[in-house]
Amino acid sequence: MNIDALKKRIDVSTKRIPADVVIKNGKIIDVFNLQVMEGDVAIVDGYIAGIGEYEGLEIIDATGKFISPAFIDGHVHIESSMVTPAEFSKVLLAHGVTTVITDPHEIGNVSGADGISFMLNQSEGLPLDVRVMLPSSVPATPFENAGAVLKASDLEPFLAHPRVLGLAEVMDFPAVFRGDEDMLQKIVLTADQNGKVDGHAAGLDANGINVYRSSLITTDHECTTKDEALDRISRGMHVLIREGSVAKNLKALIKAVTPNNARRFLFCTDDKHLDDLVAEGSVDHNVRLAIQEGMDSLQAIQLATLNAAECYGLKEKGAVAPGYKADLLLLDGLDSIVISNVLVEGKRVAEDGKYNGAAFKSSEPPASLTQSVNMTKIDSEKLAISVTNGKPMHVIEIIPNQIVTKKKMVTATAENNRFVPSTTNDLLKMAVIERHNKTENIGLGVVNGLLIQNGAIASTVAHDSHNLVVAGTNDEDMLVAIEAIREMQGGYVIVKDGAVLASVPLPISGLMSDRSFIEVNDQIITLKEKLKEIGFNGNFDPFLTLSFLTLPVIPEIKLTDLGLFDFKTFQHISVQAE
């Protein structure tokens, strides 16, 4: 800020000159005292200059409405929406989210520093304020092969970027625990820049949290129980209550929030697909759900605004008060959180659930990001799983709508010592194929609970290394799905009887579309409709579920391009049990 801008703000505050915009007749949500007050909100140069009685060049009549701070998503992967930051911006602003803390580790795992640069460049100048935490773990573990390796020296240049806030979710706990030099160097470099370090404490006990907190890690979004949340709060961490497309933890965690500890909680979505964002919203959905679960409306809004802003050091965000940015919502009521208007720096950008701000379009991605599926030819021999009929084998058991799984022992069904899928027992074949550097690595496993009766599904969205993942009832359809993914250079596909039933091309690093969010949303809806034709009738998203079956840093058993991975022992195991 320069002195002239400050003088102008003071002149508006003292009523010597009129404000640019004044919101009148609304009820102001005070997130500091958790109460509602009345008064005009005066805005100049995008900032709130005063609350009281003011005149302005433009008047917004908020009669019958509540004036709230706009919402903040404390942790999100934009790539999971499958659209570019520009298209993502249009969707979130319509739902009252004007600021996001994003971790581009999805694209970082595929395209390295080029991917991070792409996300920073593509989010520049958007009405959505996109703040970035740098990917800490690329690859997430040494037990899989990603498309890139990001060392501390690779991340250091990004720390000077004005929208970079720190280091994103440190998910390689063993590296922290044993004092891995490069991991500690990432943390120290971030601390030297006064940056924040996010955690990823899935499955960690209280002592593990001691180690994390001692390592300058201050947040966690992986809690699934009340006790886990309280362990983290008692050790000085902030807990991000997640409600995404597959990981839905809000109902369990909201029980941990009390008037005494509420300021240590905030909301996030983490991974949320575009169709879910369009249909139910982003953090606005978290707020509504928290209220439905019994949380006071003003408390829920505080979590989504002031708490998130203070957690990440956004000093000008999160409140309707002088000196704060005029990122505001006009709400029809406090119970249902119906958003009638969204303002960014005092300018209306969305109304009644639709973006109506300035037009903008993403620039073309570089060629290095659009040729990311590099594999050798796959045949049925490479998909064969050796097991002995009647002997026990390790199986990945799905827990619907959770990213955690169970390690299950099941009697093998085999012919000629090769696993044969059984739809009767819901035992399907699954493969993770390295798709970045033609290593020819193929991890094979058996999955229970995917509920597909005929055909195959495949995707290049496979957290966190984003290799090609495929599951099916027969090798033939799995091979057709693999080839379809190769031709599209990434995306989602459904195959039955040798034919592609539906697909969603994601040519940008195999993660994002180059199309509008409206077009991509239509493709996703068609994809889900076609799931019925392969017999799927579950109450979860099988593509989302499949994408997390490859994440070895989440309990209990997963599949990487190097094979089955046991989270408890932190090592690979064979399909055939000993």
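Once C-alpha pairs closer than 8 Å and six or more residues apart are averaged by separation and normalised to the residue number of the chain, the relative contact order reads 15 percent. On the beta carbon distance between Thr14 and Glu310, with R0 = 22 Å, the FRET formula returns roughly 0.20. Taken over region 163-216, the alpha-carbon convex hull comes to 70 cubic angstrom per residue. When the C-alpha to C-alpha distance is required to be over 29 Å, the pairs from Lys248/Lys532; Lys438/Lys532; Lys151/Lys325 that qualify are Lys438/Lys532; Lys151/Lys325.
With a Förster radius of 45 Å applied to the beta-carbon distance between Lys7 and Arg348, the computed FRET efficiency rounds to 0.95.
Binning all Cα-Cα separations of the chain at 10 Å, short to long from zero, yields these whole-percent fractions: 4, 18, 27, 26, 16, 7, 3, 1, 0.
The slack between Asn537 and Ser422, meaning 0.36 nm per residue of separation minus the straight C-alpha distance, is 39.7 nm. Maximal additional length on extending the Ala191-Ile525 stretch stands at 115.9 nm, based on 0.36 nm per residue less the C-alpha distance.
Rounded to the nearest angstrom and listed largest first, the equivalent-ellipsoid semi-axes of region 70-318 from its Cα gyration tensor are 26, 22, 16.
Legend: calculated FRET efficiency, Ala358 to Ala113, from the Cβ-Cβ distance at R0 = 25 Å, rounded to 0.05, equals 0.25. The label-point distance for Asn389 and Asn374, in a model that sets each label 7 Å from Cα toward Cβ, rounds to 4.3 nm. Only Cα pairs under 8 Å and 6+ residues apart enter the sum, and on that basis the relative contact order of region 368-573 stands at 22 percent. In terms of surrounding Cβ atoms within a 10 Å radius of their Cβ, Lys248, Lys196 rank from fewest to most as Lys248, Lys196. Whole-Hz Karplus ³J(HN,Hα) for region 131-147, in order, using 6.51 cos²θ - 1.76 cosθ + 1.60 and θ = phi - 60°, x for Gly and Pro? My calculation for region 131-147 gives 9, 10, 9, 6, x, 8, 10, 10, x, 5, 8, x, 9, 7, 10, 9, x Hz in order. Taking only the Cα atoms of region 305-385, the ratio Rg/Rh comes out at 1.30, with Rh defined as the Kirkwood radius. Across q = 0.11, 0.20, 0.24, 0.25 Å⁻¹, region 455-547 modelled as identical point scatterers on its alpha-carbon atoms has Debye log10 I(q)/I(0) values of -0.26, -0.92, -1.32, -1.41, in the order of the q list.
Evaluated at 37 °C with a viscosity of 0.692 mPa s, what Stokes-Einstein diffusion coefficient in µm²/s does region 62-194 have when Rh comes from the Kirkwood expression over alpha-carbon pairs?
Details: Rh = 15.7 Å.
Using the Kirkwood radius from Cα pairs, D works out to 209 µm²/s.
Along each principal axis, taking the top coordinate minus the bottom one, the Cα set of region 327-462 gives 69, 44, 23 Å in descending order.
Annotation for Ser574 and Gln292: the two label points, set 7 Å from Cα along the Cα-Cβ direction, are 4.8 nm apart.
Express in nm, to one decimal, how much length is gained between Ser214 and Ser336 on full extension, taking 0.36 nm for each residue of separation and deducting their alpha carbon distance.
39.9 nm is the gain from fully extending Ser214 to Ser336.
Sort out the exposed loop chymotrypsin sites (Phe, Trp or Tyr not before Pro) in the chain (DSSP loop, at most 16 other Cβ within 10 Å) and tell me the longest stretch that has none. Don't jump to the answer; show the numbers that get you there.
Working: sites that count: Phe32, Phe360, Phe570.
Within the chain, the longest run free of exposed chymotrypsin sites (Phe, Trp or Tyr not before Pro) spans 33-359.
Beyond 33 Å, the tail of the calculated P(r) for region 368-573 holds 7 percent of the Cα pairs.
Size descriptors for region 340-383: radius of gyration and Dmax over Cα atoms are 21.8, 62 Å.
Test of the criteria: in region 349-401, which trypsin sites (Lys or Arg not before Pro) are in a DSSP loop and have at most 15 other Cβ atoms within 10 angstrom of their Cβ?
Details: sites: Lys354, Lys361, Lys377, Lys382; in loops: Lys361, Lys377.
Of the trypsin sites (Lys or Arg not before Pro), the ones in loops of region 349-401 whose Cβ has at most 15 other Cβ atoms within 10 Å are Lys361, Lys377.
Relative to the dominant Cα principal axis of the chain, helix 3-13 is inclined by about 70°. Normalised Debye scattering of region 537-578 at q = 0.16, 0.19, 0.21 Å⁻¹ gives log10 I(q)/I(0) of -0.45, -0.59, -0.68, counting only Cα atoms as equal scatterers and leaving out solvent.
No lab work stands behind these numbers, since they all come straight from the coordinates. Quick caveat: nothing in here was measured; it's all calculated off a predicted structure. Positions of Cβ are generated from backbone atoms using ideal geometry, with glycine treated the same way; all protein chains shown enter the neighbour counts.
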